[in-house]
Amino acid sequence: MVTSPDITVVGIRAGWTALIGMLVGLGLAAGVVVTLLAAGFETSDPAVMFGSALGLWTGLLGSCIVAVHRKGSGSLKDLGLTRLRWVDAAQGLGLGIAMVFAVGIVAKVFESLAPDLTPTGADDVLGPIADSGALGTVVIVVVAVVGAPFFEELFFRGLVQGGVVARWGITIGLFVQAALFALMHVSPDEGWGNVGIFAMILTVGLCLGAIRHKAHRLGPALFAHAVYNAAIVTLALFVI
């Protein structure tokens, strides 16, 4: 099934499945948000954050499952999701912290050279906590530190990266998956600050893609993603 350490037959054949899955996920997320807002929830309510994430993850995971069943062996191992190891956690800890510093450098460059293109701050994190306290904190941790690393690594570094690398090579593969990953994180509320968001998340995506390529599986990147998100949440809560 695997044609190289970073290319799967699933990835080669499932480009449209990945694209449709991402669009479906974004559509479901938007639909959940609109429904909850119409029902009287505030945008900062933890239910809105959690519901939106579930909608997105449904599309991402759904496309991965469809891809491995229609184009592969039927197992998510086809996308690099193998049994996690203790070494994955150790590597992820170091790499995740390194990513925090790398993104911090990018942020400082934007603050110095293009402050108008710098994102406004940590409102997405602090809003649910301000409204719901402990419940908001739990939702943020579950979404950012548990759910997002799993579903996003499986989709972007598993399905998308494998397919693009198969067609155009590792350099283009890394940049395409990272660009799509960054685009998914832009927000209408940020305006021109989305330029800074794109640059910072692009950096994260490139780092995670390189980790996945080097490890030949998703485990280290998954833990690095979780550590990075945990550090960002912690900084938002106690430092920023």
Only one of Arg157, Arg217, Arg212, Arg167 is of a type in the set (D, E, K, R) and closer than 23 Å to Leu28 by Cβ; which? Arg157
For Val48, state whether it is touching a Gly at 6+ places or on another chain (Cβ under 9 Å), among the β-branched types (Val, Ile, Thr), surrounded by 17 or more Cβ atoms within 10 Å (Cβ to Cβ) and in a helix (DSSP H, G or I). no
Going residue by residue through the range 188-209, is there one that turns out to be at pLDDT below 90, surrounded by 19 or more Cβ atoms within 10 Å (Cβ to Cβ) and of a type in the set (A, V, I, L, M)? no
Report, ordered by the first and then the second residue, all pairs with beta carbons closer than 7 Å, sequence separation of six or more or different chains, a first member in the range 65-86 that is farther than 19 Å from Ala215 by Cα, and a second member that is among the hydrophobic types (A, V, I, L, M, F, W, C) and not in a helix (DSSP H, G or I). Ala67/Ala14; Lys71/Ala14; Gly72/Met1; Ser73/Met1
Which numbered condition Gly72 misses (of (1) within 20 Å of the chain's Cα centre (by Cα); (2) over 30 Å from Ala236 (Cα atoms)): (1)
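Answer yes or no as to whether Gly127 is out of contact with any helix residue (DSSP H, G or I) (no Cβ under 6 Å at 6 or more places or on another chain) and modelled with pLDDT under 90.
Numbers: out of contact with any helix residue (DSSP H, G or I) (no Cβ under 6 Å at 6 or more places or on another chain): yes; modelled with pLDDT under 90: yes.
Criteria met by Gly127.
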Unique match (being surrounded by fewer than 23 Cβ atoms within 10 Å (Cβ to Cβ), at negative phi, touching a helix residue (DSSP H, G or I) at 6+ places or on another chain (Cβ under 9 Å) and at pLDDT below 90) among Ala231, Ala236, Ala226: Ala236
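The values are calculated or read from the model by the stated rules, or taken from the named source; none is laboratory data. Note that the coordinates shown come from a computational prediction; the quantities given were computed from them, not determined experimentally. Note that each Cβ is placed from the backbone with ideal geometry, even for glycine, and that neighbours are counted across all protein chains shown.
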